[in-house]
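Peer 1: Just dropping this structure here.
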């Protein structure tokens with residue numbers, strides 16, 4: 001599962017760090033909205049990557 005988040009948001013960044021630290025099965029990956037992968041995932045889900053106001057969780061073909 002990939003979580004896409006805004007790396008410029010302190011709350012978002014801290015929350016993702018918390019999730020990754022507590023992911024005992026090592027199933028989570030992260031991508032930032034500002035990066036190429038995160039940008040493409042948001043656009044594929046129909047979310048404006050230039051003005052994100054949400055997190056996106058991608059699990060296979062499901063968002």
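The values are calculated or read from the model by the stated rules, or taken from the named source; none is laboratory data. This is a predicted model, so every value here is computed, not measured. Virtual Cβ from ideal backbone geometry, glycine too; neighbours counted across all protein chains shown.
Peer 1: Is it fair to say residue 26 is at pLDDT 90 or above and at positive phi?
Peer 2: Working: at pLDDT 90 or above: yes; at positive phi: yes.
When the stated conditions are applied, residue 26 passes them.
Peer 1: Which of the residues belonging to segment 32-55 are over 15 Å from residue 10 (Cα atoms) and in contact with a helix residue (DSSP H, G or I) (Cβ under 8 Å, 6 or more places away or on another chain)?
Peer 2: The initial filter retains those residues of segment 32-55 that are over 15 Å from residue 10 (Cα atoms), namely 35-51.
Residues satisfying the conditions are 48, 49.
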